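The values are calculated or read from the model by the stated rules, or taken from the named source; none is laboratory data. Computed from a prediction, not measured in an experiment: that's the story for all the values here. Methodologically, a virtual Cβ is constructed for each residue, glycine included, from the backbone with ideal geometry; neighbour enumeration extends over all protein chains shown.
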Amino acid sequence: MSDTLSFPKQRPPEYIKLDGEPKFDASKHLMLEKPDLISSLADLGYSTEDIKNCPSDFGVSSAFRILSDEGVSAMRDICLKMYANRNISVGTGVNRLGSYIRGAGYRSQFIKDFCDSAELSKHLSEIANVKLARHSVPAVACGVNYAPEDIRRAVDSWHTDSVAFDIVMMMSDPSQIEGGEFQYFRGTKMEGQALLGIDGEEGIDTELPAERIKTIPFPAPGYGFMQQGNMIFHRACRLKKKAERMTVIPSFVVVPPKAADGTNSINMAGWDDPGLAAELTRHEAWRAAARLEELVGDVSLHDSRKRLVDEVDKALAPLLALRDRLAKDIN
Ligand SMILES: [Fe+2]
């Protein structure tokens, strides 16, 4: 029994399912190692109050090995094959990212099985110090970033993520890449956003003080680092020379589903990936159902009306907020 929500039964018609893939086998394709370095949220300057609102004090790690050589070879091949079916080419619009795939798990069973792997979730949960499972929103459960065709553009500009936990895994040979560094701001996201003069999650391509920026090196393909991505202000720099630069970016949710959830469904509702509104509705309904089930057990006959109303509001708030956001788009 999986800890996370199953994929929907249908697949967005724009997404082409790959055939002839190898079958994912954790014992063959994974080579899980621990990171040498971890920066906590406190290390980055977050207050006790900020950290209390997060599921864990984990901030960001150095790159650690995730895939075996065989795993790298299989996944790199899949990323290259999916390039022709990336989101930008199916009319889902240009956004902050140069060139990318959302919902890779719809196209590739191998990538879906990798993201679903219990071994991977267990390993990442130990690093993040909170129980994680494959993200319940397929669009972000397994993403792939490619360098933009126009290398004057950043691979990804300063931003925080709409999900709480993700790994960024290098699939290309880093020794062949000039530029394209992954960097994060050594400070809180509030401070980083204030320095850039922005307030949302989406970034702009400007510079922060160099002494406050840290680059995370990737020793080889198949290495990735983990971050509490909605708390880490980060970017991927532009390439200095045209080169293959592919990263696989799987995201994770905190489980069980009654746990507090950092997923920013409201922000994601503004993206135009096919099926995403339905995916977000399933995600929020799943989390709300778990909170309601807990409420059934917790309600006491001695509870005041005020408390009962507050508890119902608390259980339903994220689902209703998404409902209201989606309703705005109905003509
Ligand atoms: Fe990101």
All but one of (1) within 16 Å of the ligand (Cβ to nearest atom); (2) buried (at least 19 other Cβ atoms within 10 Å of the Cβ) hold for Arg153; state the number of the condition that does not hold.
(2)
Given the structure, is Ile66 under 20 Å from Asp173 (Cβ atoms) and either crowded, with 21+ Cβ neighbours inside 10 Å or free of Cβ contacts under 8 Å to residues at least 12 places away in the same chain (or both)?
yes
How many residues are aliphatic (A, V, I, L, M), crowded, with 21+ Cβ neighbours inside 10 Å and modelled with pLDDT of 95 or more when one looks only at region 94-126?
4
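Can you tell me which of Lys23, Lys9, Lys17 is closer than 24 Å to Val255 by Cβ and either part of a loop (DSSP other than H, G, I, E, B) or among the hydrophobic types (A, V, I, L, M, F, W, C) (or both)?
Lys9
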As an exercise: evaluate Ile204 against (1) modelled with pLDDT of 90 or more; (2) away from the ligand (no atom under 12 Å from the Cβ) and give the number of the one condition it does not meet.
(1)
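Answer yes or no as to whether Ser175 is in a loop (DSSP other than H, G, I, E, B) and not hydrophobic (A, V, I, L, M, F, W, C).
no
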